[in-house]
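Student: Let me begin by handing over the structure; questions about it come next.
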Amino acid sequence: MNTFRHWLAPLIFACAQSAAAEDLVTVYRQALQADPQLKSAEVKVEIGSALKGQALGQMLPQVSATGNWSTNRSSQTNARNQDIVQNYPGTRYYVSLNQTLIDFAKFWEWRRTSKVEDQYAAEAIEALNNLMFNVVERYFIELEAEDELSFAKTEKQATQKQLEQIQKQYAKQLLKVTDLYAVEARLDQIIAAEILAESKRVTAQDNLRELTGVSPAALNKLRDNVEYPEIQGDLQQWIDMAQSQNPAIAAKQLAIQAAENNVTVQKSKYLPVADLQLNYYDTNTGYQSSNIGPTRTEVAAINVTVPLFSGGTTTHQLFEAKHRLQLSKNDNEAAIRGIIKETSDAFLSANADARHIRALQKALESAGKSREAMERGYHYGVVTISDVIKAQQDEYSAKNDFVKAKYSYIKNRIRFMHALGSIAEENLQEINGWLEPAAGGHSAP
């Protein structure tokens with residue numbers, strides 16, 4: 001079994017285990033069973049194996065047998081103008097064996113299908129990698145949407161309480177009408193943001209359900225005490241690793257090799273073909289089923305066929321093969337450039353997110369202190385309600401940005417592993433350890 005299929009087997013056929021909580025690994029295992037693209041990739045692997053078997057079969061002995069049983073009636077007119085009629089049974093047995101001796105086109109077609117089989121296996125690995133990446137990305141996109149909605153609802157509740165207090169003070173003529181309008185305007189903004197957040201959450205749920213085929217329950221949340229380290233190492237070394245082990249690149253390179261073999265196949269059609277033929281023929285009827293008596297014929301022959309002219313078909317097939325080879329090379333170059341960009345962007349983004357998280361944590365602490373100071377200042381009458389609203393808005397914004405930075409780090413880190421081609425279920429298990437079980441649930445083992 002080739003190398004790619006050896007890698008693929010333990011990954012694709014990993015057994016799924018159910019769990020009550022909708023944690024990351026549980027969602028992944030649901031997707032592993034339900035994703036149609038992964039199933040199609042598995043079928044393509046089997047198609048590649050069948051193509052290779054067909055090509056090999058063309059080089060193996062071809063044996064056929066034919067039997068014929070007939071009732072014959074022969075009528076002849078003799079010199080006396082009399083009809084002489086004969087009725088007799090007829091039998092024919094024919095067994096033929098043909099074995100290719102020299103046919104370079106068949107040999108290179110077998111080589112081509114071997115590369116196609118490996119190409120499909122590499123594409124299946126890439127399909128599995130894509131599934132793991134999509135599960136992580138969509139899982140945390142939904143968590144992000146849920147947090148954004150939660151922040152909006154929390155801020156709305158706090159602002160509504162604040163508005164009630166402002167209305168009471170305004171009724172006592174302790175505040176100006178501009179203060180009342182400022183709080184009302186802020187509440188309207190929050191309600192609009194809540195509507196948008198709810199729409200994002202529904203869309204995120206639909207995207208995750210697209211992978212699993214089922215609607216997930218409440219997802220496990222990200223723990224607060226998670227470390228977000230930067231990715232170590234030299235970027236160029238990571239890029240070199242991605243080019244050498246990414247299965248998408250491997251599939252493109254195998255497609256080039258298959259296309260090169262196809263060019264050789266078309267060139268081989270100009271060469272002579274030799275095959276061995278062994279025939280056994282047993283019959284008691286001859287030409288036009290004439291009665292000739294029992295006859296046995298055994299033939300051993302070597303047939304040589306020299307192609308001379310096919311109307312230009314062979315030439316144009318060669319032209320097509322060469323152009324398809326160039327297409328494969330162009331696809332490979334585009335894939336390499338894409339992987340270089342993806343690896344670099346994911347590496348730099350993940351490390352920027354790690355630094356951003358530390359900076360936002362300090363910014364959140366400062367925003368909290370500023371909000372508390374503004375509320376005290378408003379109580380003593382040294383700041384306006386607009387200043388308080390602005391401080392509160394800054395704190396909620398800082399909380400939202402802080403959480404988004406964490407999700408961005410996780411998505412970029414898994415994107416980096418995907419670009420390297422080294423993403424595995426162990427990576428999902430690691431991230432799954434950063435989650436805390438939802439109420440009433442537990443994490444998958």
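Student: Scan region 421-445 for residues that are buried (at least 17 other Cβ atoms within 10 Å of the Cβ), under 19 Å from ALA127 (Cβ atoms) and either of a type in the set (S, T, N, Q) or at pLDDT 95 or above (or both) and jot them down.
Tutor: Matches in region 421-445: ASN427 only.
Student: Within region 115-127, does at least one residue satisfy the condition of being within 47 Å of the chain's Cα centre (by Cα), surrounded by fewer than 20 Cβ atoms within 10 Å (Cβ to Cβ), farther than 30 Å from GLY293 by Cα and among the basic types (Lys, Arg)?
Tutor: no
Student: Scan region 141-182 residue by residue and report those that are touching a strand residue (DSSP E or B) at 6+ places or on another chain (Cβ under 8 Å) and either surrounded by fewer than 20 Cβ atoms within 10 Å (Cβ to Cβ) or among the hydrophobic types (A, V, I, L, M, F, W, C) (or both). Can you show your working first?
Tutor: Here is the first cut: in region 141-182, the ones touching a strand residue (DSSP E or B) at 6+ places or on another chain (Cβ under 8 Å) are 142-143, 146.
The answer is LEU143, GLU146.
Student: Would you check which residues across region 82-103 are of a type outside the set (S, T, N, Q) and either surrounded by 13 or more Cβ atoms within 10 Å (Cβ to Cβ) or within 60 Å of the chain's Cα centre (by Cα) (or both) and list them?
Tutor: Result: TYR88, GLY90, ARG92, TYR93, TYR94, VAL95, LEU97, LEU101, ILE102, ASP103.
Student: Hey, any hits in region 228-243 for a residue that's touching a strand residue (DSSP E or B) at 6+ places or on another chain (Cβ under 9 Å) and of a type in the set (Asp, Glu)?
Tutor: No; the residues of region 228-243 include none that is touching a strand residue (DSSP E or B) at 6+ places or on another chain (Cβ under 9 Å) and of a type in the set (Asp, Glu).
Student: OK, next. Those residues that are farther than 14 Å from THR100 by Cβ and of a type in the set (Val, Ile, Thr), I need them from region 260-306; list them, please.
Tutor: VAL263, THR264, VAL265, THR283, THR285, ILE292, THR295, THR297, VAL299, VAL306
Student: Being in contact (Cβ under 8 Å) with a residue 12 or more places away in the chain and exposed (fewer than 11 other Cβ atoms within 10 Å of the Cβ) is the filter here, so list the residues in region 306-334 that pass it.
Tutor: The answer is VAL306, and nothing else.
For every residue, the table says whether it meets (1) among the polar types (S, T, N, Q); (2) surrounded by 14 or more Cβ atoms within 10 Å (Cβ to Cβ); (3) assigned to a helix (DSSP H, G or I); (4) out of contact with any Phe, Trp or Tyr (no Cβ under 7 Å at 6 or more places or on another chain).
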position: TRP238; (1), (2), (3), (4): no, yes, yes, no
position: ALA250; (1), (2), (3), (4): no, yes, yes, yes
position: GLN253; (1), (2), (3), (4): yes, yes, yes, yes
position: ASN261; (1), (2), (3), (4): yes, yes, yes, no
position: GLN288; (1), (2), (3), (4): yes, no, yes, yes
position: GLY293; (1), (2), (3), (4): no, no, no, yes
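Student: Then there's this: Go through region 364-385 and report how many residues are surrounded by fewer than 17 Cβ atoms within 10 Å (Cβ to Cβ) and in a helix (DSSP H, G or I).
Tutor: Quick first cut of region 364-385, residues surrounded by fewer than 17 Cβ atoms within 10 Å (Cβ to Cβ) only: 365-366, 368-369, 372-373, 375-377, 379-382.
Filter once more, keeping what is in a helix (DSSP H, G or I): 365-366, 368-369, 372-373, 375-377, 379.
Number of matching residues: 10.
Student: Within region 374-394, is even one residue under 22 Å from the mean Cα position of the chain (by Cα) and at negative phi?
Tutor: Within region 374-394, not a single residue is under 22 Å from the mean Cα position of the chain (by Cα) and at negative phi.
Student: Ok, one more. Among (1) free of Cβ contacts under 8 Å to residues at least 12 places away in the same chain; (2) over 39 Å from the mean Cα position of the chain (by Cα), there is one condition GLY57 misses while meeting the rest; what is its number?
Tutor: (2)
Student: So if I check each of ALA259, ALA251, ALA255, ALA182, which one is more than 30 Å from GLN119 (Cα to Cα) and among the aliphatic types (A, V, I, L, M)? I'd like the intermediate steps shown before the answer.
Tutor: Values: ALA259 fails: more than 30 Å from GLN119 (Cα to Cα); ALA251 fails: more than 30 Å from GLN119 (Cα to Cα); ALA255 fails: more than 30 Å from GLN119 (Cα to Cα).
It is ALA182.
Student: Now a separate question. Within region 193-208, is even one residue small (Gly, Ala, Ser), without any contact (Cβ under 8 Å) to a residue 12 or more places away in the chain and in a helix (DSSP H, G or I)? Outline the logic, then answer.
Tutor: Let us first name the residues in region 193-208 that are small (Gly, Ala, Ser), namely 193, 197, 199, 204.
Add one more test, that the residue is without any contact (Cβ under 8 Å) to a residue 12 or more places away in the chain, and what stays is 199.
Those still in the list that are in a helix (DSSP H, G or I) too: 199.
Yes, region 193-208 contains at least one residue that is small (Gly, Ala, Ser), without any contact (Cβ under 8 Å) to a residue 12 or more places away in the chain and in a helix (DSSP H, G or I).
The values are calculated or read from the model by the stated rules, or taken from the named source; none is laboratory data. If you're wondering where the values come from, they're calculated on a predicted model, not measured in any experiment. All Cβ positions, even for glycine, are placed from backbone atoms using ideal geometry, and neighbour counts span all protein chains on display.
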